[in-house]
Amino acid sequence: MGYLGEEIPKLGFGLMRLPMIGDEVDIEQTKQMVDIFMKNGFTYFDTAYGYINGKSEEAVKTCIVDRYPRDSFTIATKLPAWAGAKDAEEAKQMFYTSLKRTGAGYFDFYLLHNLGDNRTEVFDKFGIWEFVNDLKAQGLIKHLGFSFHDTADKLEEVLKAHPEVEFVQLQINYIDWEDEHVQSRKNFEVCKKYGKPVVVMEPVKGGTLARLPEDIAKIFKDYNPEASIPSWALRYVASKENMITVLSGMSTIEQMEDNVSFMKDMKKISDEEQKVIDKVIDALHAKPTIPCTGCSYCTKGCPMNINIPGIFNNMNTYLVYENADAAKGGYRWSTNGRGKASDCIKCGQCESVCPQHIKITEELEKAAAVLEG
């Protein structure tokens with residue numbers, strides 16, 4: 001007997017970064033992308049209640065549900081109970097809003113969105129686990145899972161408490177595989193231990209592994225001039241066992257055509273290719289960065305409530321990948337509801353407790369110039 005999703009093609013269409021015209025989804029281009037995706041035998045679409053302020057789910061109805069037989073595709077969406085719901089009723093209503101927006105009738109894969117940190121407890125407080133199990137009993141959800149951003153020990157706690165979970169969505173890519181903050185490998189191994197197949201998100205790390213600095217991209221191009229840079233990242237994760245699918249957040253027809261070209265008859269990463277990837281990882285790690293370990297000693301007494309480790313992580317994205325768009329996107333998330341880098345009053349409290357002796361106020365000033373510009 002195989003695992004859940006074994007038969008699903010290993011490229012999924014992530015609908016968070018759809019093509020846009022101003023503030024609206026470019027519906028005609030999205031329809032063309034859906035058609036290319038489906039024509040090449042791919043079926044898994046991933047959205048969420050909050051993507052593009054609900055317009056992603058609406059695009060699911062217009063571009064997919066209204067145009068294809070319901071049994072010819074798979075829809076996954078997510079419930080973020082922590083995102084603004086004042087009470088359990090409002091959190092539960094998110095499911096019915098998603099159902100109405102998409103017109104899907106039911107969800108093939110339904111996820112509690114972004115468990116980890118202090119977000120996990122909100123699902124317990126609002127009784128969301130019981131709620132979604134009841135929806136599953138009604139046939140409105142076929143398979144129940146959650147997406148997760150936290151440490152492996154926290155993941156194990158959730159899986160112990162909720163054995164009914166059928167799958168987990170994890171951030172996995174070649175640069176985060178051994179990263180101590182993201183813990184891709186450790187989280188993946190916890191899922192394996194509990195027999196939970198995995199949907200992969202962020203295989204190109206928010207686009208950073210799709211547009212590498214020229215000197216590092218050359219390592220890939222010297223080995224195989226024909227292979228696109230994103231193909232290395234997607235094939236790397238798709239080569240791992242126990243995968244349901246690998247989500248790619250494609251924004252253009254060109255990206256879609258590239259992705260399906262190498263994923264349609266995907267060849268697993270060879271031992272020789274893995275050595276090339278290892279060279280790229282070493283080259284990325286050799287780039288100069290802010291030596292922040294994420295210990296968070298600096299934040300405990302910060303009078304401006306600045307998420308210093310989060311900001312430094314975004315600044316390191318800029319320093320390593322030379323990708324300002326990705327760094328600024330992460331910065332907006334890191335500073336949501338918190339102080340910005342430019343809010344620093346240079347009191348020096350953070351520097352007095354930093355084990356790495358980082359000149360934090362200077363680095364925050366540099367971060368403000370780059371990430372708020």
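The values are calculated or read from the model by the stated rules, or taken from the named source; none is laboratory data. Note that the structure is a prediction, hence the values are computed from the model and not measured. FYI the Cβ positions are ideal-geometry reconstructions off the backbone, even for glycines, and counts take in every protein chain you see.
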Problem - Within region 211-244, considering residues that are surrounded by 23 or more Cβ atoms within 10 Å (Cβ to Cβ) and over 17 Å from the mean Cα position of the chain (by Cα), the one nearest to Pro9 (Cα to Cα) - result: Trp232
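In the set Thr208, Thr120, which member is under 22 Å from the mean Cα position of the chain (by Cα) and under 30 Å from Val276 (Cα atoms)? Don't jump to the end; show me each part of the working.
Details: Thr120 fails: under 30 Å from Val276 (Cα atoms).
That would be Thr208, the only listed residue that is under 22 Å from the mean Cα position of the chain (by Cα) and under 30 Å from Val276 (Cα atoms).
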Practice task
Output the number of the condition that Met33 fails; it satisfies all remaining conditions of (1) in contact with an Asp or Glu (Cβ under 7 Å, 6 or more places away or on another chain); (2) hydrophobic (A, V, I, L, M, F, W, C); (3) not in a loop (DSSP other than H, G, I, E, B).
Solution key: (1)
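So which of Lys192, Lys196, Lys205 is surrounded by fewer than 18 Cβ atoms within 10 Å (Cβ to Cβ), among the basic types (Lys, Arg) and assigned by TED's automatic domain parsing to the domain that holds Ser270? Don't jump to the end; show me each part of the working.
Numbers: Lys196 fails: surrounded by fewer than 18 Cβ atoms within 10 Å (Cβ to Cβ); Lys205 fails: surrounded by fewer than 18 Cβ atoms within 10 Å (Cβ to Cβ).
Testing whether each residue is surrounded by fewer than 18 Cβ atoms within 10 Å (Cβ to Cβ), among the basic types (Lys, Arg) and assigned by TED's automatic domain parsing to the domain that holds Ser270 leaves just Lys192.
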Problem - Residues of region 303-331 that turn out to be crowded, with 20+ Cβ neighbours inside 10 Å and in a loop (DSSP other than H, G, I, E, B), as a count - result: 2
Exercise for the section: All but one of (1) in contact with a Ser or Thr (Cβ under 7 Å, 6 or more places away or on another chain); (2) over 22 Å from Thr151 (Cα atoms); (3) touching a residue at least 60 places away in the same chain (Cβ under 8 Å) hold for Ala368, so report the exception by its number. Expected result: (3)
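Residues checked against (1) of a type in the set (Val, Ile, Thr); (2) modelled with pLDDT of 95 or more:
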site	(1), (2)
Val165	yes, yes
His181	no, no
Gly195	no, yes
Val198	yes, yes
Exercise for the section: Check off (1) touching a residue at least 24 places away in the same chain (Cβ under 8 Å); (2) assigned to a helix (DSSP H, G or I) for Val246 and give me the number that stays unchecked. Expected result: (2)
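Give the residues of region 282-302 that are surrounded by fewer than 15 Cβ atoms within 10 Å (Cβ to Cβ) and either touching a strand residue (DSSP E or B) at 6+ places or on another chain (Cβ under 8 Å) or of a type in the set (A, V, I, L, M) (or both), sorted by residue number.
Of region 282-302, the ones surrounded by fewer than 15 Cβ atoms within 10 Å (Cβ to Cβ) are 282, 285-288, 291, 293-296, 300-301.
Residue satisfying the conditions is Ala286 alone.
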Exercise for the section: Being among the polar types (S, T, N, Q) and under 22 Å from Glu202 (Cβ atoms) is the filter here, so list the residues in region 6-47 that pass it. Expected result: Thr30, Thr43, Thr47
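Look through region 155-175, keep the residues that are of a type in the set (Val, Ile, Thr) and either assigned to a helix (DSSP H, G or I) or more than 18 Å from the chain's Cα centre (by Cα) (or both), and return whichever of them is farthest from Val199 (Cα to Cα). Steps first, answer last, please.
Taking region 155-175 as the starting set, the residues that turn out to be of a type in the set (Val, Ile, Thr) are 158, 165, 168, 172, 175.
Narrowing the set further to residues that are either assigned to a helix (DSSP H, G or I) or more than 18 Å from the chain's Cα centre (by Cα) (or both) leaves 158, 165.
Working: Val158: 17, Val165: 13 Å.
Checked region 155-175; the qualifying residue farthest from Val199 (Cα to Cα) is Val158.
Taking the residues in region 28-46 that are free of Cβ contacts under 8 Å to residues at least 40 places away in the same chain and surrounded by fewer than 24 Cβ atoms within 10 Å (Cβ to Cβ) as candidates, determine which candidate is nearest to Ile269 (Cα to Cα). Working first, answer last.
In the first step, residues of region 28-46 are kept if they are free of Cβ contacts under 8 Å to residues at least 40 places away in the same chain; the result is 28, 30-31, 34-35, 38-39, 43, 45.
Now restrict to residues that are surrounded by fewer than 24 Cβ atoms within 10 Å (Cβ to Cβ): 28, 31, 34-35, 38-39, 43.
Values: Glu28: 35, Lys31: 31, Val34: 27, Asp35: 28, Met38: 25, Lys39: 25, Thr43: 23 Å.
This residue is Thr43.
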Practice task
Check off (1) under 30 Å from Phe167 (Cα atoms); (2) out of contact with any Asp or Glu (no Cβ under 9 Å at 6 or more places or on another chain); (3) not in a loop (DSSP other than H, G, I, E, B) for Lys268 and give me the number that stays unchecked.
Solution key: (3)
Completion exercise
The lone condition Ile345 fails out of (1) farther than 24 Å from Ile281 by Cβ; (2) in a helix (DSSP H, G or I) is (2)
Completion exercise
Within region 1-27, restricting to residues that are touching a helix residue (DSSP H, G or I) at 6+ places or on another chain (Cβ under 9 Å) and either loosely packed, with under 15 Cβ neighbours inside 10 Å or of a type in the set (Val, Ile, Thr) (or both), the one that is nearest to Ala233 (Cα to Cα) is Met20
Exercise for the section: Report whether or not Asp23 is without any contact (Cβ under 8 Å) to a residue 40 or more places away in the chain, within 30 Å of Glu90 (Cβ to Cβ) and in the same structural domain as Thr74 (by TED's automatic domain parsing). Expected result: yes
